[in-house]
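**Student:** Right, I'll just put the structure down here and ask away after.
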Amino acid sequence: FLLLYFITIYIYIYIYIRIDFKTKKSDSTKSLLIKSEQLLRIEDHDFAMRPGFGGSAIPVGIDVQVESIDSISEVNMDFTMTLYLRHYWQDDRLAFPSSNNKSRTFDARLVKKIWVPDVFFVHSKRSFIHDTTMENIMLRVYPDGNILYSVRITVTALCSMDFSRFPLDTQNCSLELESYAYNENDLMLYWKNGNDSLRTDEIALSQFFIEEFHPSFGLAFYSSTGWYNRLYINFILRRHIFFFMLQTYFPTMLMVMLSWVSFWIDRRAVPARVSLGITTVLTMSTIITGVSASMPQVSYVKAVDIYLWASFLFVFLSVIEYAAVNYFTTVEEMKKLQKGKLPASYDATQAMAYDGCFHDDIDVSPFPELPTTPSTTRTIPPRASSTEPPPTEGTRLWRKRSVGKNIRFIMSNSYMIDSYSRIIFPLAYLLFNIIYWCIYS
């Protein structure tokens, strides 16, 4: 029993010592926290009020380091940016004595107990403070009461874009910072180090080249609350054109050139020319639809719209050109059939062949050759009127045709339409490209 008694006493003493050690350890941690709060005298002041309440406006310096521009959306007209936002101000209520003049650094837990500037992003759609693995918030307090408050934020903000020159455009976007509750009489926002207050890391974007980053300052007026200081983070974006050259401009050029191939195909090969024309028209429609789907529905014409619809017009006109050639060819041959200039063996089946329907199983006889004279290779039809006097010496034998006569001449020789189109269409499209790229590039 004596041995059992000593063992029991030993166990009680051991348990008491462990409990007392844990209690002292807990109290020590608590006392350190209390000492920090007592050092900053947090409980002695009302931090719901700004520093120097009732006096002049408290100056709050801002500097920003842009970490990345995550995305730029033309459809939503916004951009997403990740940045480090740092605030600098002085609060005498947090001044503390220090022999070595060293600052004290705290995390988000102390931020909730003191006054901090209520800066927000104007025109922001979404924003959040990063919280992996802890909230990315840092508070540094100096012995003289100067404070550095830094947060890491990702914000999605509005950017009013002008697409009238898209995709040869340059966009001006800005991220705007402002105090929500305190107007200029209570809080004065300013850039801490002037133009050096805005710093950027190496930023590379897929569709844009960042030409410039610069800060600026302004005032915003609200009719119910007054004037507020506003800071601007301005950046200029110039779009890379090479992506759109590969995806839009080069395919469009090739489709227009492909439509010109029909000018070298025999005008009686209806299936070949019609299918080629319809294919190019449908391909152009697909390109236009694809570009429109990736763009916002704006009420004005964009530069890419001008190019696509002008190219579509060239392709469409090539189809109309063949319709005219086919029609004039049919009219011409029907007139020759009625005047008896076609062989007597020319029957209705052959007429269908000349009409533009290409048949491999029908032997189409050539037109009979008319007799020629040594002085000319072409028989000149007799004039309808003999009232015109014969040409005398000094009279030009080749008279300038009127526009109407030229049109009738081309209509009676429909093959010339294809010949002229082979020159006119490429030259017109080349002229359009020169004008387009001189205006927009």
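The values are calculated or read from the model by the stated rules, or taken from the named source; none is laboratory data. All values derive from a computational prediction rather than experimental measurement. Here Cβ is always computed from backbone atoms with ideal geometry, including for glycine, and neighbour counts include all displayed protein chains. Just so you know, the surface numbers come from the protein's heavy atoms only, side chains and all, with ligands and any DNA or RNA stripped out. Shrake-Rupley method; radii C 1.70, N 1.55, O 1.52, S 1.80 Å.
**Student:** Just subtract the alpha-carbon distance of residue 180 and residue 100 from 0.36 nm times their residue separation and send over the number in nm, one decimal.
**Tutor:** Details: separation 80, 0.36 × 80 = 28.80 nm, distance 3.73 nm.
So the extension gain works out to 25.1 nm.
**Student:** Just by accessible area at a 1.4 angstrom probe, what is the order of 267, 50 from largest to smallest?
**Tutor:** Solvent-accessible surface, decreasing: 267, 50.
**Student:** Could you check the simple spin-label distance between residue 265 and residue 124, using points 7 Å along Cα→Cβ, in nm with one decimal?
**Tutor:** So the two model labels end up 6.0 nm from each other.
**Student:** If I take R0 = 60 Å and measure r between the Cβ atoms of residue 419 and residue 134 in this structure, what FRET efficiency does the formula 1/(1 + (r/R0)^6) give, to the nearest 0.05?
**Tutor:** 0.15
**Student:** Set the Förster radius R0 to 56 Å, insert the Cβ-Cβ distance between residue 109 and residue 8 as r into 1/(1 + (r/R0)^6), and round the FRET efficiency to 0.05.
**Tutor:** Taking R0 as 56 Å, the efficiency between residue 109 and residue 8 is 0.80.
**Student:** Could you size up the charge dipole of segment 94-194 around its Cα centre, putting +1 on the beta carbon of Lys and Arg and -1 on that of Asp and Glu, and report it in debye to the nearest 20?
**Tutor:** Result for segment 94-194 is approximately 480 debye, rounded to the nearest 20.
**Student:** Quick one: Karplus J couplings for segment 132-145, per residue in order, coefficients 6.51, -1.76, 1.60, θ = phi - 60°, nearest Hz, x for Gly and Pro?
**Tutor:** 10, 8, 10, 4, 7, 10, 10, 10, 10, 10, 9, x, 7, x
**Student:** Continuing with this model, one more query. Say the dipole of segment 34-150 comes from +1 at the beta carbon of Lys and Arg and -1 at that of Asp and Glu; which of 132, 122, 40 then lies farthest toward its positive end?
**Tutor:** Farthest along the dipole direction, towards plus: 40.
**Student:** I would also like to ask the following. Report the gain in length on full extension from residue 223 to residue 199: 0.36 nm times residue separation, minus Cα-Cα distance, nm rounded to one decimal.
**Tutor:** 5.2 nm is the gain from fully extending residue 223 to residue 199.
**Student:** May I ask for the distance between the Cα centers of segment 181-233 and segment 96-148, given as a whole number of Å?
**Tutor:** So the separation of the two Cα centres works out to 20 Å.
**Student:** Right, another one. Simple spin-label model, 7 Å along Cα-to-Cβ: residue 45 to residue 299 in nm?
**Tutor:** My value for the distance between the label points is 5.3 nm.
**Student:** Further question: With the dipole of segment 253-345 worked out from charges on the C-beta (+1 for Lys and Arg, -1 for Asp and Glu) around the Cα centre, which of 322, 276, 297 lies farthest toward the positive end?
**Tutor:** Selected residue: 322.
**Student:** Three principal axis extents, largest first, for the C-alpha atoms of segment 46-163, in Å?
**Tutor:** Principal-axis extents of segment 46-163 (Cα, largest first): 59, 36, 20 Å.
**Student:** Pull out the extension gain between residue 68 and residue 274, defined as 0.36 nm times the separation in residues minus the alpha carbon to alpha carbon distance; nm, one decimal.
**Tutor:** Numbers: separation 206, 0.36 × 206 = 74.16 nm, distance 5.25 nm.
Between residue 68 and residue 274, full extension yields 68.9 nm more.
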